[in-house]
Every structure is written in C-alpha cells, then in structure tokens.
Amino acid sequence: MNWHWDLWLIFGFAGQFLFAGRFLVQWISSERKRESHVPIAFWYFSLAGGLVMTAYAIHRRDPVFIIGQGSGLIVYIRNLMLIHRQPQRETHVDPAATPAAPPDRA
C-alpha cells in the first residue's frame, strides 16, 4: 500500500480524532461524577466527528462508510434536540427527592 499525505487524509484523521475524543470526554465526566455519565460535549464531539467522517466518506465514495457515519448523525442531532428542549434548571437537584416542608400547625 502506497500512502501519500494530502489534505483529505488529514481531514479524515481529524474526524477520527474528534469521534474518538467523545469517549475520552465521557470517561473523564464519569470519573468526576463517580458514576456513568454522558455529558452534552459527548454529543457535540459525536456530531462534529460524524460530519467530518461523513464528508470524508463521500469524498472517498465509500457507500458502507457513508451509511455507517451518516446514519449516526440522526442519533446525535436528535439527542442534542432532546437535551436543548429540556427546561433549563438552576440546580441539578431533583425536586421530587427533596422532602416537603412540614404542614403549618397554626
């Protein structure tokens, strides 16, 4: 196999690094929380890496790669839509988990 470096190859590797970086982001976030956690950044890394990899696959005219990466974009976009549709909360406290105030006895 004869390799030569060109801008498309560098572009493809950049997409692969973005896509792989999402696991590093998820791992660090989970370690900080001491539980399995998928941060929003995971989905942005997924989307960015998926877009770059899909563009690279289209350039290479690889239908397997195009379908594999392109279909993932639907999942990443949908997850970001669901996240941004949630009402913004000032704290991460679950109101159902906090005890109710005792009733007035006046």
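Within the range 33-71, being in a loop (DSSP other than H, G, I, E, B) and among the charged types (D, E, K, R) holds for R34, E35, R61, D62. Here the condition is being under 16 Å from A14 (Cα atoms) and within 12 Å of the chain's Cα centre (by Cα); of G72, G49, it holds for G49 alone. Here the condition is being polar (S, T, N, Q), out of contact with any helix residue (DSSP H, G or I) (no Cβ under 8 Å at 6 or more places or on another chain) and over 17 Å from A14 (Cα atoms); of S36, S30, it holds for S30 alone.
Residues of the range 1-49 that are surrounded by fewer than 13 Cβ atoms within 10 Å (Cβ to Cβ) and touching a Leu at 6+ places or on another chain (Cβ under 9 Å): W3 alone. The residue pairs whose first member lies in the range 38-67 and is under 10 Å from R22 (Cα atoms), whose second member is charged (D, E, K, R) and part of a helix (DSSP H, G or I), and whose beta carbons are closer than 6 Å, counting only pairs six or more residues apart or on different chains, are F42/R22; F45/R22; S46/R22.
Rule-based calculations on the coordinates, nothing more; no lab input. Source: prediction; values computed, not measured. For neighbour counting, all protein chains shown are included, and Cβ atoms are generated from backbone atoms with ideal geometry for every residue, glycine included.
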